[in-house]
Amino acid sequence: MASLTISAADEKRVKALGFLRNKGTNNFSGRIITVNGKITAAQNKCISEAAELFGNGIVTFTTRLTIEVQGIPYDKIEDFRAYIAKEGLVTGGTGSKVRPVVSCKGTTCQYGQIDTFALSEEIHERFFNGYSDVKLPHKFKIGVGGCPNNCIKPELNDLGVVGQKAPDFDKNKCMGCMKCPVEEICPMDAAKVLDGMLEIDRDECNNCGRCIGKCHFNAITGGKTGYKIYIGGRWGKRIALGKPLGKIFTDKKDVVDVIEKTILLYKEQGITGERLSQTIERLGFENVESQLLLIKPLKRK
């Protein structure tokens, strides 16, 4: 095992820059922020070159869609940062603050209902970058999913956004088919033909949008795009499933505002060392929800 000669203060300083010590060595893994898991070919090439020039040639991926280059000596950290900066890449993603945003594929996926890349990039710029100096009670993780398949597990983030497509059902066009294609494709069994007529149980429907365009008689040709927001999710030593706010948001601006209000509420009313799930449990979900649906947190900003 290498002699550990780097001071605790220096180790803490570079950790704040996104460099995590490789156990038992004087080397570090540099954590590169990808914004939302998307990088260009030029950036990919730059990272590979940097891994060979300053690290041990190994590149790994984190669960938060950041990239880590392993084996960087302490005295090469600044050279590494300068090299990747040529392609607009930065390191970071640690500390009691807004963490890198996780996003699914969005509308490049057959099930995607919202442009998750565009939304997550806006969230990244406004809150990961814009709130980079804002210290919170603990880490704050945000996930953006394009549909109720929940591939990136939005409900296990402090705040999760899920794309929605609420079907518009024109009952007058329903012909009560013996073999209804809408009923067959519904993954939630929310659409059923009862007494010769299609019925949609809105309490069971998760707004995945798969039924849209499937009716041969055009009973469901469109739907309303929206966003469901979950708050208080958590994964780790203590697990908590986020709870959805009691409305579907149809305006992206309202979604971003709710995210900001949640961060502000957490900073203002959270206790140091307490995750958002614990803050919500202490304050009460109904209390927190009512605050997030008002404008007051933004006025106190």
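Things to note:
- If the condition is being farther than 18 Å from Gly112 by Cβ, free of Cβ contacts under 8 Å to residues at least 24 places away in the same chain and not β-branched (Val, Ile, Thr), then the stretch 192-216 contributes Lys192, Leu194, Asp195, Gly196, Glu199, Asp201, Arg202, Asp203, Glu204.
- Selection count, the stretch 5-32, where residues are among the small types (Gly, Ala, Ser), part of a loop (DSSP other than H, G, I, E, B) and surrounded by 15 or more Cβ atoms within 10 Å (Cβ to Cβ): 1
- Qualifying residue in the stretch 273-280 (condition: part of a helix (DSSP H, G or I), acidic (Asp, Glu) and within 22 Å of the chain's Cα centre (by Cα)): no
- Test for Leu292: is it farther than 18 Å from Lys97 by Cβ, surrounded by 14 or more Cβ atoms within 10 Å (Cβ to Cβ) and assigned by TED's automatic domain parsing to the domain that holds Glu155: yes
Residue-wise test of (1) touching a residue at least 12 places away in the same chain (Cβ under 8 Å); (2) over 21 Å from Gly236 (Cβ atoms).
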{"residue": "Glu11", "(1), (2)": "no, yes"}
{"residue": "Lys15", "(1), (2)": "yes, no"}
{"residue": "Lys23", "(1), (2)": "no, no"}
{"residue": "Asn27", "(1), (2)": "yes, yes"}
{"residue": "Ile32", "(1), (2)": "yes, yes"}
{"residue": "Ser48", "(1), (2)": "no, yes"}
{"residue": "Glu87", "(1), (2)": "yes, yes"}
{"residue": "Gln113", "(1), (2)": "yes, yes"}
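- In the set (1) assigned to a loop (DSSP other than H, G, I, E, B); (2) over 14 Å from the mean Cα position of the chain (by Cα), the condition left unmet by Val35 is number (2).
- Residue match in the stretch 188-195 (condition: touching a helix residue (DSSP H, G or I) at 6+ places or on another chain (Cβ under 8 Å) and surrounded by 22 or more Cβ atoms within 10 Å (Cβ to Cβ)): yes
- Tally of residues being touching a Lys or Arg at 6+ places or on another chain (Cβ under 6 Å) and either of a type in the set (Lys, Arg) or over 19 Å from Val101 (Cβ atoms) (or both) across the stretch 264-284: 1
- For the stretch 266-277, the set of residues classified as of a type outside the set (Phe, Trp, Tyr) and within 16 Å of Gly160 (Cα to Cα) consists of Arg275, Leu276, Ser277, listed by residue number.
- Filter result (in a loop (DSSP other than H, G, I, E, B) and either within 12 Å of Leu293 (Cα to Cα) or in contact with a Lys or Arg (Cβ under 8 Å, 6 or more places away or on another chain) (or both)) within the stretch 243-263: Leu245, Gly246, Lys247, Ile248, Thr250
- Of all residues in the stretch 36-69, those satisfying the criterion of being surrounded by 15 or more Cβ atoms within 10 Å (Cβ to Cβ), within 30 Å of Gly160 (Cβ to Cβ) and not charged (D, E, K, R) are Asn36, Gly37, Ile39, Gln43, Ile47, Val59, Thr62, Leu65, Thr66, Ile67, Val69.
- Identity of the residue in the stretch 70-85, assigned to a helix (DSSP H, G or I) and in contact (Cβ under 8 Å) with a residue 12 or more places away in the chain, that ends up surrounded by the fewest Cβ atoms within 10 Å (Cβ to Cβ): Asp79
The values are calculated or read from the model by the stated rules, or taken from the named source; none is laboratory data. Since the structure is predicted, the reported quantities are computational estimates derived from the model, not experimental observations. Don't worry about glycine lacking a Cβ; one is built from the backbone with ideal geometry, like all the others, and counts go over all protein chains shown.
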